[in-house]
1. Being under 29 Å from residue 178 (Cα atoms), basic (Lys, Arg), surrounded by 13 or more Cβ atoms within 10 Å (Cβ to Cβ) and in contact (Cβ under 8 Å) with a residue 24 or more places away in the chain is the requirement here; does residue 83 meet it?
2. Has the stretch 7-15 got any residue that is in a loop (DSSP other than H, G, I, E, B), without any contact (Cβ under 8 Å) to a residue 60 or more places away in the chain and buried (at least 18 other Cβ atoms within 10 Å of the Cβ)?
3. Six or more apart or on different chains, Cβ atoms under 7 Å: show the pairs whose first residue is in the stretch 152-163 and within 15 Å of residue 139 (Cβ to Cβ) and whose second is among the polar types (S, T, N, Q).
4. Determine the pairs where a residue that is closer than 19 Å to residue 69 by Cα, located within the stretch 87-99, has a partner that is at pLDDT 90 or above with Cβ atoms under 6 Å apart, the partner being 6 or more residues away or on another chain.
5. Go through the stretch 32-62 and count every residue that is assigned to a helix (DSSP H, G or I) and free of Cβ contacts under 8 Å to residues at least 12 places away in the same chain.
6. For residue 97, state whether it is closer than 30 Å to residue 60 by Cα and modelled with pLDDT of 90 or more.
7. Which ones in the stretch 1-50 are closer than 13 Å to residue 74 by Cα and small (Gly, Ala, Ser)?
Amino acid sequence: MKLGEKIKQLRQDAGLTQPELAEKAHIEQSYLSKLENEKGSPSFDVISKIAGAFEIDVFTLIDSLSMSYLQENLQHLPEIAVKIESQRAAKKLKMRRSYILAAMLIVLGVAFVIIGNSSTIFPHSIYQYKSMGLINEGEINQHYQMSPLRELAEDWEKSKKRIADNIARLDESLLLTRSYRGEGFVEEYGQQRRYYELIDVREIESPMKDFAVVFGFIFLLTGGFIMIYLFKWLN
């Protein structure tokens, strides 16, 4: 908005005629008319008097004017030149902060998308291990195997006897874990131990994975929109 337009708007809102406003501001009515029609170049003192007539701060009046108008018509006034420079500095600081925010959002977005697709952070598999029972010292890990043990050179007769003897010792234990612990592993229980053998692998989808990816794209889009807005604003 131009100064003349603003003065006229304030005068009409206050229900004042040009002569009445000129008297309150202690300026000539003819000069006020020129100002309202953008035909005069007021001093800062005159602008202050007009603002005072409306009982508002002079910089409140100046802030209501467009930046382009101030630069083209009033920047020659030292007080307004300082004001314009202050606004420029504030604008640059705001834009710098906006760039930093946009960059941070984009970096966070990329990080969340990578995390959401990471099988290390969000494992996609559940491993099921099974132990048939406790194994005594001197027995091999495959002691509960339902076929002859090659390691012991068992024949079918010895194998059947071992399997029959194991019936009373059967004590199945299932273990589900997101960590792959090989095809089999041992856990010690004092003088005895259990041998857990991998029997199943289940593929799963963690809900946290989807949340991470969704938030990642939200951050990316928000950061991108801010960058586009700032680029258009600069140009």
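The values are calculated or read from the model by the stated rules, or taken from the named source; none is laboratory data. Not measured: the values here are computed from a predicted model. Every residue, glycine among them, receives a Cβ derived from its backbone with ideal geometry; neighbour counts consider all protein chains shown.
1. no
2. Keep residues of the stretch 7-15 that are in a loop (DSSP other than H, G, I, E, B), which gives 15.
With without any contact (Cβ under 8 Å) to a residue 60 or more places away in the chain added as a condition, the list becomes 15.
Within this subset, residues satisfying the condition of being buried (at least 18 other Cβ atoms within 10 Å of the Cβ) are none.
No, every residue in the stretch 7-15 fails to be in a loop (DSSP other than H, G, I, E, B), without any contact (Cβ under 8 Å) to a residue 60 or more places away in the chain and buried (at least 18 other Cβ atoms within 10 Å of the Cβ).
3. 159/147
4. none
5. Initially, the stretch 32-62 is screened for residues assigned to a helix (DSSP H, G or I), giving 32-36, 44-53, 58-62.
Narrowing the set further to residues that are free of Cβ contacts under 8 Å to residues at least 12 places away in the same chain leaves 34, 45, 48, 51, 60.
Matching residues across the stretch 32-62 total 5.
6. It is true that residue 97 is closer than 30 Å to residue 60 by Cα and modelled with pLDDT of 90 or more.
7. Across the stretch 1-50, the qualifying residues are 4, 40, 41, 43.
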